[in-house]
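One structure below.
The values are calculated or read from the model by the stated rules, or taken from the named source; none is laboratory data. If you're wondering where the values come from, they're calculated on a predicted model, not measured in any experiment. Cβ atoms come from the backbone with ideal geometry, glycine included; neighbour counts cover every protein chain shown.
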Amino acid sequence: MSIDQSRLLRTAVPGPRSVALTERRRAAVPAGVGSTMPVWAVEAGGGIVVDVDGNRLIDLGSGIAVTTVGASAPRVVAAVREQLESFTHTCFMVTPYEPYLAVAEALNRLTPGDHDKRTVLFNSGAEAVENAIKIARSATGRTAVVAFDHAYHGRTNLTMALTAKNLPYKHGFGPFASEVYRAPMSYPLRDGGIDGTPDGAAAAARAIDLIDKRVGSDNLAALVIEPIQGEGGFIVPAPGFLAALAQWCRDHGVVFIADEVQTGFARTGAMFACEHEGVVPDLIVTAKGIAAGLPLSAVTGRAELMDAVHVGGLGGTYGGNPLACAAALAAIDTIETDGLVERAQEIGALLVDRLTALASVDPRIGQVRGRGAMIAVELVRLGTLEPDPALAREVAAAAHRQGVIVLTCGTWGNVLRFLPPLTISDALVHDAMDVLESVFADAAPGAGARIARATASVG
């Protein structure tokens, strides 16, 4: 790998060149576009992002779960270069091309279930979610849609309506699409408390009771849910929750849509997060990790549902762009050939071990949770389950200054999430966790030395 796989700080973060670019940005880019890191990237690969000042940063974000196979994976680079030399665009709706078909065939093969499937390609996760709902409405002749507390499904009008969190996603942008209803999510930490044992089937029963009363199954086209909620805080529902919802949908002719935009393509230690619960969705929405950084998304589902839409009802000028399709095929090949599903499990075990050790001596970590290389810690105020977003911001900013890219999320902004590329080395993960331990110690006035000593003894 051409980029040295080690953390290195040549300047303060941000360095002078990043500061200068940020000044230029203020005159060119609207303030409404936020950025997590105060640096500007020039190169990335493996588990490292290099900024304009020559700093090498450990990447625990993967561009928000996009560069799963790395930001410059060799197979992807070669495949895109080869396609680029042939053509960049013809529009599949005008003159179709084989790479689109090959991606559709791959997704029909890889997604859960052995039923007859069809796949249609789009550009972004939000666009794919909207089209999944279009398909469900067309197939069922119904209009209502149910989403869940803490959900995130995108930034378009319909997907903002599906999204639960107001700031920054919805505030001031209404009115939103109608016929969208919300149900309670299984949230084990808060359903059962620190010492409780949440019941997934009981949580599903509560949600179904509300859906029946507020919407009625005869009016409901689709239920859309993230198998592990992303922006909502990496919430893993209690066992049995997803399966009970899927069964209820089957019993009542409701389309069960799994939004696997953030959880798909080996991220959770399975190709798709639904597999952990043995759930086979009617429609599955994918994006992010599908094409290693090129814009591509998909809806894959039961043939009878997908074929219910009239000719011309699905599509888009750039949907299934040939460069993105080439990248997707190479990314899938990389995942399968290099054993990245298993690698996600290894990374997850490493992260959980280190974070659990930290949590054992720092009670501000209310829970360590997640699956595979999709792990989070929820931060709370001492002795309570009250969210502590200020601590999350402080820890993240301090980690950034020390050269570790870490993201926050959660309805209250109190969750640190870890989404490293599956090509990251164990050494980089350990280095990042060492930084995180020191940051937590520094963020605990009067307790820093105690926490540092305790984590050293646990390790």
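If you check ALA359, ALA392, which single one turns out to be over 17 Å from ASP426 (Cα atoms) and without any contact (Cβ under 8 Å) to a residue 24 or more places away in the chain? Steps first, please.
Numbers: ALA392 fails: without any contact (Cβ under 8 Å) to a residue 24 or more places away in the chain.
Step by step, each of ALA359, ALA392 is checked, and only ALA359 is over 17 Å from ASP426 (Cα atoms) and without any contact (Cβ under 8 Å) to a residue 24 or more places away in the chain.
So, TYR181, is that one over 20 Å from the mean Cα position of the chain (by Cα), of a type in the set (Phe, Trp, Tyr), farther than 19 Å from ASP282 by Cα and modelled with pLDDT of 95 or more or not? Working first, answer last.
Working: over 20 Å from the mean Cα position of the chain (by Cα): yes; of a type in the set (Phe, Trp, Tyr): yes; farther than 19 Å from ASP282 by Cα: yes; modelled with pLDDT of 95 or more: yes.
The answer is yes for TYR181.
Can you name the residue in region 128-161 that is of a type in the set (S, T, N, Q) and out of contact with any helix residue (DSSP H, G or I) (no Cβ under 7 Å at 6 or more places or on another chain) and is also surrounded by the fewest Cβ atoms within 10 Å (Cβ to Cβ) among such residues?
Our first condition is that a residue be of a type in the set (S, T, N, Q); within region 128-161, this holds for 131, 138, 140, 143, 156-157, 159.
Filter once more, keeping what is out of contact with any helix residue (DSSP H, G or I) (no Cβ under 7 Å at 6 or more places or on another chain): 131, 138, 140, 157.
Working: ASN131: 24, SER138: 17, THR140: 18, ASN157: 14.
Checked region 128-161; the qualifying residue surrounded by the fewest Cβ atoms within 10 Å (Cβ to Cβ) is ASN157.
Is it the case, given these coordinates, that ASP333 is in contact with a Lys or Arg (Cβ under 7 Å, 6 or more places away or on another chain) and assigned by TED's automatic domain parsing to the domain that holds THR119?
Answer is yes for this residue.
Taking the options ARG81, ARG75, name whichever one is within 30 Å of VAL429 (Cα to Cα), surrounded by fewer than 22 Cβ atoms within 10 Å (Cβ to Cβ) and of a type outside the set (Gly, Ala, Ser).
On the way: ARG81 fails: within 30 Å of VAL429 (Cα to Cα).
Matching residue, one of ARG81, ARG75: ARG75.
State which residue pairs qualify: first residue surrounded by fewer than 15 Cβ atoms within 10 Å (Cβ to Cβ) and inside region 101-127, second residue charged (D, E, K, R) and outside any loop (DSSP other than H, G, I, E, B) in any location, beta carbons under 9 Å apart, and separation of 6 or more residues or different chains.
Correct list of pairs: ARG109/LYS117; HIS115/ARG302; ASP116/ARG302; ASP116/GLU304.
Could you grab the pairs with beta carbons closer than 8 Å, sequence gap of 6+ or different chains, first residue in region 246-273 and at positive phi, second one of a type outside the set (A, V, I, L, M) and assigned to a loop (DSSP other than H, G, I, E, B)?
Close Cβ pairs (under 8 Å, with a partner that is of a type outside the set (A, V, I, L, M) and assigned to a loop (DSSP other than H, G, I, E, B)) amount to PHE265/THR68; PHE265/PHE272; ALA266/THR68; ALA266/GLY372; GLY269/GLY372.
With respect to the numbered conditions (1) without any contact (Cβ under 8 Å) to a residue 40 or more places away in the chain; (2) part of a helix (DSSP H, G or I); (3) of a type outside the set (Ser, Thr, Tyr), which one is the sole condition not fulfilled by ARG182?
Going through the list (1) without any contact (Cβ under 8 Å) to a residue 40 or more places away in the chain; (2) part of a helix (DSSP H, G or I); (3) of a type outside the set (Ser, Thr, Tyr), ARG182 breaks only (2).
Quick one: LEU382 ticks every box in (1) out of contact with any His (no Cβ under 8 Å at 6 or more places or on another chain); (2) of a type outside the set (Gly, Ala, Ser); (3) modelled with pLDDT of 95 or more except a single one, so which number is it?
Of (1) out of contact with any His (no Cβ under 8 Å at 6 or more places or on another chain); (2) of a type outside the set (Gly, Ala, Ser); (3) modelled with pLDDT of 95 or more, only one is false for LEU382: (3).
Does at least one position in region 89-106 carry a residue that is of a type in the set (Asp, Glu), within 20 Å of LEU296 (Cβ to Cβ) and either within 24 Å of the chain's Cα centre (by Cα) or assigned by TED's automatic domain parsing to the domain that holds GLU394 (or both)?
Pass one, region 89-106, residues of a type in the set (Asp, Glu): 98, 105.
Narrowing the set further to residues that are within 20 Å of LEU296 (Cβ to Cβ) leaves 98, 105.
Those left that are additionally either within 24 Å of the chain's Cα centre (by Cα) or assigned by TED's automatic domain parsing to the domain that holds GLU394 (or both): 105.
The answer is yes, given that some residue of region 89-106 is of a type in the set (Asp, Glu), within 20 Å of LEU296 (Cβ to Cβ) and either within 24 Å of the chain's Cα centre (by Cα) or assigned by TED's automatic domain parsing to the domain that holds GLU394 (or both).
If we only count strands (runs of 3 or more DSSP E) wholly inside region 236-305, which ones have 1 or more residues that are polar (S, T, N, Q), surrounded by 24 or more Cβ atoms within 10 Å (Cβ to Cβ) and modelled with pLDDT of 95 or more? Talk me through it step by step, then tell me what you get.
Numbers: elements: 255-259, 283-286, 297-302.
Passing ranges, in order: 283-286, 297-302.
From THR67, THR88, THR11, THR36, grab the single residue that is within 25 Å of THR263 (Cβ to Cβ), surrounded by fewer than 19 Cβ atoms within 10 Å (Cβ to Cβ) and in contact with a helix residue (DSSP H, G or I) (Cβ under 9 Å, 6 or more places away or on another chain). Step through it out loud before you land on a result.
On the way: THR67 fails: surrounded by fewer than 19 Cβ atoms within 10 Å (Cβ to Cβ); THR88 fails: within 25 Å of THR263 (Cβ to Cβ); THR11 fails: within 25 Å of THR263 (Cβ to Cβ).
After applying the criteria, what remains is THR36.
Hey, could you check region 12-42 for residues that are among the aliphatic types (A, V, I, L, M) and in contact with a strand residue (DSSP E or B) (Cβ under 9 Å, 6 or more places away or on another chain) and say which is farthest from VAL395 (Cα to Cα)?
VAL42
Against the condition modelled with pLDDT under 95 and of a type in the set (S, T, N, Q), how does THR197 come out, does it pass? Can you show your working first?
On the way: modelled with pLDDT under 95: yes; of a type in the set (S, T, N, Q): yes.
Spelling it out, THR197 is indeed modelled with pLDDT under 95 and of a type in the set (S, T, N, Q).
Out of everything in region 225-235 that is surrounded by 24 or more Cβ atoms within 10 Å (Cβ to Cβ) and either of a type in the set (Gly, Ala, Ser) or in the same structural domain as SER62 (by TED's automatic domain parsing) (or both), what residue ends up being farthest from TYR152 (Cα to Cα)?
GLY233
If you check ALA136, ALA79, which single one turns out to be closer than 27 Å to ASN219 by Cβ and either without any contact (Cβ under 8 Å) to a residue 24 or more places away in the chain or over 21 Å from the mean Cα position of the chain (by Cα) (or both)? Spell out how you get there, then give the answer.
Values: ALA79 fails: closer than 27 Å to ASN219 by Cβ.
On inspection, the qualifying residue turns out to be ALA136.
Taking interchain pairs and intrachain pairs at least six residues apart, which have beta carbon atoms under 7 angstrom, with the first residue in region 332-350 and within 17 Å of GLY47 (Cβ to Cβ) and touching a residue at least 60 places away in the same chain (Cβ under 8 Å) and the second surrounded by fewer than 18 Cβ atoms within 10 Å (Cβ to Cβ) and of a type in the set (S, T, N, Q)?
none
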